[in-house]
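Visitor: The structure is given below, and queries will be raised subsequently.
The values are calculated or read from the model by the stated rules, or taken from the named source; none is laboratory data. What you are looking at is a predicted structure, and each value in this text was computed from that prediction instead of being measured. Quick reminder, even Gly has a Cβ in these numbers, built from the backbone with ideal geometry, and neighbours come from all protein chains shown.
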Amino acid sequence: MRQSSLVVVANRLPLDDNIAPDGACEWRRSPGGLAGALHAILEQTPATWVGWPGAIGEAARLPDLGTLRLRPMSLTDDELRGYYEGFANSTLWPLYHDAVEPPVFDRGWWESYRSVNRRFAEAAAEVAEPGATVWVQDYHLQLVPQLLRELRPDVVIGFFLHVPFPPPELFMQLPRRIELLRGMLGADLVGFQRPQAAHNVAQLATKLLGAHGADDAITLDGRVIRTGAFPVSIDVAEMRSLSARPYVVGQAHRLRHDLGSHKRVLLSVDRLDYTKGIEHRLTAYSELLRDGRIKVRDAVMVQVAVPSRERVENYRGLRDRIEREVGRINGEYGRVGEPAIHYLNQPFDRADLAALYQTADVMVVTPLRDGMNLVAKEFVAARRDDTGALVLSEFAGAAAELEDAFLVNPHDVDGLKETLLHALAADPAELATRMKAMRDHITTHDIHAWARAYLTELELARPLLS
Ligand code: ADP
Ligand code: G6P
């Protein structure tokens, strides 16, 4: 494979290997914020993306995406279990999200995590041209920066964590905490969503590695590693132009009509993940129906929950619980031809998502913990006028930027109920003021601004080679 001056290394490729109903293999955009965000900036940049296309076994050859070359990595069934479903998604993912589900410490998974990280580092080393920039993404690949530095001391290495970095008390629980910290600090620049994360890492590096840690730089083994917050964003212009397409506008009208033109629509769009607070929101909505404070003849909820990590036990259990609860709520409060909740456990294409965002009166985003939450930003970008309210969890990274949302603590179900009612009843002038402020923010803080800020800082962090 030819070499590139910019290499992105992420567990997921932006295309997902998907088996169509007729058994043929087709490609579609991967779920989740990371792939969407990076895809938007890399489509017009000569670069190579090293990642996994989402299936078990030998990876197929992939088409280029514009100027972006894809370097597929294969995963065996054992690696899928040990590295991806195990260490990445049953140990690190819950631990990094405030342990909202208990992290599992299974000693058998570490070897798999380490060896897959090594293979990703080797693949990156192979496709990086001399002096290239290599940008490693997220918790799946936390050992890659250090491994790559050993293989290719000539390249400049960035690491960006899309999820929260936990408080030191939680990180200290990790049996492999030293290796994970050292691995990440193999980079020249380590970026996070929020400044608190950089602070946590500085404290841990001082305590565990004897480094000199400050909030913007860590000195370890005579090397300076820069750190900082770079809140990720979306391609605002793309979402705006998509939202103006006649198909999307027509589809939004159709949806509105089908949902009941006179009704208020509450919308949620999530990966089906226990960090997203779906159950808390269903409880709040169901209690509002029970207490007669929301009536099915006046309002309807749409919950889109795209399937995710379906072989992991916690995710299967969550899906069962949610589906039971949706069935119960519809059974108790729905009427013939008039459900209380529409539940859609399926992927949507971007145009249909944009239409859904336009249909909502209240967008309900209530994660218990989230690195950023791009859905909240997509909702704002998709609105074509100043109507619509965003109810947003304080525990999403996006809350630090979208201060004009109706901010809420999703653990406080009573508070959540009051906030939903407040948003539903808000005066149009208030909503317009809030929406304008949020739109202005994301317009100047879009995905291109994010990539520019990170890559400029990374260039400054490039070590001077003798
Ligand atoms: P996470 O990265 O944890 O999944 P984000 O909110 O940051 O959460 O990103 C989710 C991304 O997945 C968004 O870009 C959103 O549009 C996309 N998405 C969510 N639900 C669906 C769906 N049903 N079909 C397709 N894409 C979806
Ligand atoms: C989050 C993670 C990403 C991940 C995405 C989807 O956004 O930060 O790294 O790609 O969820 O999850 P999946 O396991 O399907 O890749």
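Visitor: Which residue, of Pro164, Pro94, is within 16 Å of ligand 1 (Cβ to nearest atom), touching a residue at least 40 places away in the same chain (Cβ under 8 Å) and in contact with a Pro (Cβ under 6 Å, 6 or more places away or on another chain)? Explain how you work it out, then say what you get.
Guide: On the way: Pro164 fails: in contact with a Pro (Cβ under 6 Å, 6 or more places away or on another chain).
The match here is Pro94.
Visitor: Select, from Thr67, Thr76, Thr91, the only residue that is closer than 29 Å to Gln173 by Cβ and surrounded by fewer than 18 Cβ atoms within 10 Å (Cβ to Cβ).
Guide: Of Thr67, Thr76, Thr91, the one residue that is closer than 29 Å to Gln173 by Cβ and surrounded by fewer than 18 Cβ atoms within 10 Å (Cβ to Cβ) is Thr76.
Visitor: Going by what's in this entry, would Thr48 be described as more than 16 Å from ligand 2 (Cβ to nearest atom) and in contact with a helix residue (DSSP H, G or I) (Cβ under 7 Å, 6 or more places away or on another chain)?
Guide: Answer is yes for this residue.
Visitor: Only one of these conditions is not met by Arg281: (1) among the charged types (D, E, K, R); (2) modelled with pLDDT of 95 or more; (3) surrounded by fewer than 20 Cβ atoms within 10 Å (Cβ to Cβ). Which number is it?
Guide: (3)
Visitor: Have a look at Gly331, Gly337 and point out the one that is of a type in the set (Gly, Ala, Ser), modelled with pLDDT of 95 or more, surrounded by fewer than 21 Cβ atoms within 10 Å (Cβ to Cβ) and more than 16 Å from ligand 2 (Cβ to nearest atom).
Guide: On the way: Gly337 fails: modelled with pLDDT of 95 or more.
Just one listed residue meets the conditions, Gly331.
Visitor: Can you name the residue in region 223-249 that is free of Cβ contacts under 8 Å to residues at least 60 places away in the same chain and part of a helix (DSSP H, G or I) and is also nearest to Gly388 (Cα to Cα) among such residues?
Guide: In this case the residue turns out to be Ser241.
Visitor: From the list Glu378, Glu403, Glu313, which residue is away from ligand 2 (no atom under 16 Å from the Cβ) and acidic (Asp, Glu)? If you could, list the steps in order and put the result at the bottom.
Guide: Numbers: Glu378 fails: away from ligand 2 (no atom under 16 Å from the Cβ); Glu313 fails: away from ligand 2 (no atom under 16 Å from the Cβ).
Matching residue, one of Glu378, Glu403, Glu313: Glu403.
Visitor: It is to be established whether one or more residues within region 155-166 are in a helix (DSSP H, G or I) and in contact with a Gly (Cβ under 9 Å, 6 or more places away or on another chain).
Guide: Looking for residues that are in a helix (DSSP H, G or I) and in contact with a Gly (Cβ under 9 Å, 6 or more places away or on another chain), one finds none in region 155-166, hence no.
Visitor: Considering only residues that are β-branched (Val, Ile, Thr) and farther than 27 Å from Gln203 by Cβ, which ones fall in region 224-240? Working first, answer last.
Guide: Within region 224-240, the subset β-branched (Val, Ile, Thr) is 224-225, 227, 232, 234, 236.
Across region 224-240, the qualifying residues are Ile234, Val236.
Visitor: Given the conditions (1) in contact with an Asp or Glu (Cβ under 9 Å, 6 or more places away or on another chain); (2) within 13 Å of ligand 1 (Cβ to nearest atom), and given that Pro410 satisfies all but one, which numbered condition is not satisfied?
Guide: Unmet for Pro410, out of (1) in contact with an Asp or Glu (Cβ under 9 Å, 6 or more places away or on another chain); (2) within 13 Å of ligand 1 (Cβ to nearest atom): (2).
Visitor: Scan (1) more than 16 Å from ligand 1 (Cβ to nearest atom); (2) on the phi > 0 side of the Ramachandran plot; (3) of a type outside the set (Val, Ile, Thr) for the single condition Asp138 breaks and write down its number.
Guide: (1)
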